[in-house]
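Trainee: What follows is a structure written as structure tokens; I'll ask about it next.
Any read-out appearing in this document is the output of simple, stated calculations on the displayed coordinates, not a laboratory observation. All values reported here derive from a predicted model rather than from experimental measurement. Ideal geometry is used to build each Cβ from the backbone, glycine not excepted, and the neighbour counts take in all protein chains shown.
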Amino acid sequence: MTITVYFFGSLVDITSVSKKELPILMDTNSLNLHLQKEYPALVNTKYFIAVNQQMIKANRNLIHGDIVAFMPPFSGG
Amino acid sequence: MADKDRYQRQMILPSFGLAKQEKLLAANVLIVGMGGLGCPALQYLVGAGVGNIGIMDADKISLSNLHRQVLFTESEIGLLKVNQAAAKMRLLNSDVSIETYPIHIDQSNALSIIAKYDLVIDATDNFSAKYLINDACFILNKPYVFGAVSRYEGQVSVFNLTTTKGKKINYRDLFPEAPKPGEVPNCAEAGVIGVLPGIIGAIQAAEAIKIITGIGNPLNGRLYHFNLLQGQGYEIEISASEKLIDMNEQIFQEYKYNEIDDEIDVPEISVLEFNKMRLLPEVFVLDVREWHEYPQIDFSNAQIPMSELQARMFEIPEKEICIVCHQGIRSIYAAEQISKQRNLKVYSLKGGITAYFK
């Protein structure tokens, strides 16, 4: 039972990986906390979370095979 | 219509034709920012025959622009971007009328200028301009095409245009508040490969043409992410917030978009002063650049990247802290935070490592 996490943009500076397979966690809140513990710099970084390409606004349960994306804002032009 | 031959190749497209071409000719589009995103967007809109285009940018052409702003030439360095762009576009297509605004967008001009156009292309390179355009378009109910790049990755979306679910999305649905200056490095600090804004700016032009003519499915309600290194796109459906943002003309005029205007009384020191100070035993030189940034330096006492500063604040010793970064912008914000939270004496190297190695 696993989930896949994608990190985009400058988040990869913090995590050093753009993709990560993890044993399944109950929901997006626990996944976020788990990753913030592993990568403390995420705490002060802006990003939104999407599950299976749908942005989430509140905690959401995770199931085997879910793809979770962490997307930061870009400002360059 | 002036000359049908000019648009023949797009008019013979299925679902295009004369009616769509006339819509383009009657359209009014404002492009804010005449840089890496704005130049290609402008060129394709002028080529396509968008009748009235406003271009807004106060900047002058510099040598470091040319790797991505390929509309400009070496002989134009030092000249205003909007003037040079407009002159070239008039040569490309005399059907198009181009209005130039050699100014930065701000609270005093945004509403009156945007009101004159049907659609805005956000081709700016900083968060304060992006939030300002977002809010102004929200107030005036104008669709706008968002674009942004970071190193090898880009984002595009269409905001303020009703989605198939009957919602209107704006940038604050994605990120309600702007990151603090320095929190997310800009192009000058993070770097960008020249062809990437070319791709993203061209997609923004395509979205504008789709919105004006009504062909295809614009990216309203979707954030399109493009990774140049992987040659991969990733699309995310955006969820509208429960309630609309609290924004009207009065709030807009009073809102603080540009935190850089805040009084930050961090003393900035010159390279000369820095070279004297850094040798003193009571001075601690802190590099706040991210790990991947070059060049490496041998005169700092520690490196704590800006993205880790809050978590590692306690590591900073009880000394006078001299902060350096790439260009001397992030270091001011780092200095401000350190001074507030640790109550230490702080200095920022003016112009950063770039000035140091000049």
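Trainee: What whole number of Å gives the distance from the Cα centroid of the range B:39-106 to the Cα centroid of the range B:203-275?
Mentor: Each part reduced to its Cα centre gives a spacing of 21 Å.
Trainee: Spin-label point model (7 Å from Cα, Cβ direction): what's the B:Q296 to A:N52 distance in nm?
Mentor: It works out to 4.6 nm between the two label points.
Trainee: Moving on. Rounded to two decimals, what is Rg over Rh for the protein assembly as shown when you use alpha-carbon atoms and the Kirkwood radius?
Mentor: 0.99
Trainee: Please give the residues of the range B:313-330, grouped as numeric ranges, whose backbone N is less than 20 Å from a label point set 7 Å along the Cα-to-Cβ vector of B:Q341.
Mentor: B:313-326, B:328-330
Trainee: Which residues does a label at B:L280 reach in the range B:294-323, if reach means a backbone N under 18 Å from a point 7 Å past the Cα toward the Cβ?
Mentor: Flagged as within label range: B:300-302, B:317-323.
Trainee: Starting from the Kirkwood radius over alpha-carbon pairs of the range B:268-356, derive D by Stokes-Einstein at 20 °C in a medium of 1.002 mPa s and give it in µm² s⁻¹.
Mentor: In µm²/s, the coefficient rounds to 170.
Trainee: Please report the base-10 log of the normalised intensity I(q)/I(0) for the range B:187-311, using a Debye sum with one equal scatterer per alpha carbon and no solvent, at each q in 0.13, 0.15, 0.21 (1/Å).
Mentor: -0.98, -1.10, -1.30
Trainee: Could you give me the radius of gyration and the Dmax of the range A:2-71, taking only the C-alpha atoms into account and expressing both in angstrom?
Mentor: Answer for the range A:2-71, Rg first and Dmax second: 10.9, 29 Å.
Trainee: In a Gaussian network model over chain B where Cα atoms closer than 10 Å are linked, find which of B:L196, B:L174, B:L272 has the largest mean-square fluctuation.
Mentor: B:L272
Trainee: Between the helical axis of A:28-38 and the dominant principal axis of chain A, each derived from Cα atoms, what acute angle in degrees is found, rounded to the nearest 10?
Mentor: 60
Trainee: May I pose another question? Dipole size in debye (nearest 20) for the protein assembly as shown around its Cα centre, Lys and Arg Cβ +1, Asp and Glu Cβ -1?
Mentor: That gives a dipole near 980 debye.
Trainee: Would you mind checking the radius of gyration and Dmax of chain B based on alpha-carbon positions, in Å?
Mentor: Looking at chain B, its Cα Rg and Dmax stand at 22.5, 75 Å.
Trainee: Also: For chain A, set up a GNM with springs between Cα atoms under 10 Å and report which of A:A50, A:A41, A:A58 has the largest fluctuation.
Mentor: Between A:A50, A:A41, A:A58, it is A:A58 that shows the largest mean-square fluctuation.
Trainee: Sticking with this one: What percent do you get for the relative contact order of the range A:15-77 when only Cα pairs under 8 Å and 6+ apart count?
Mentor: 35
Trainee: Now for a separate question. I'd like the FRET efficiency for B:K165 and A:L22, computed as 1/(1 + (r/R0)^6) with the beta carbon distance as r and R0 of 25 Å, rounded to 0.05.
Mentor: 0.20
Trainee: Which semi-axis lengths, in whole Å and largest first, follow from the square roots of five times the eigenvalues of the Cα gyration tensor of the range B:48-150?
Mentor: Ellipsoid semi-axes (Å, largest first): 23, 18, 12.
Trainee: If R₀ is 41 angstrom, what is the calculated FRET efficiency for the pair B:A115 and B:Q310, using the beta carbon separation as r and rounding to 0.05?
Mentor: Working from the Cβ atoms, E equals 0.50.
Trainee: Here's a follow-up. Between B:A19 and B:E237, what length in nm is gained on full extension when 0.36 nm per residue of separation is reduced by their alpha carbon distance?
Mentor: Difference between extended and current length: 75.4 nm.
Trainee: May I pose another question? Aspartates and glutamates near B:K20 by alpha-carbon distance under 18 Å, same-chain residues fewer than 8 away left out - which ones?
Mentor: B:K20 reaches B:D3, B:D5, B:D95, B:D118, B:E207.
Trainee: Between B:E153, B:E249, B:E207, find the one with the highest GNM mean-square fluctuation for chain B; connect C-alpha pairs within less than 10 Å.
Mentor: B:E249
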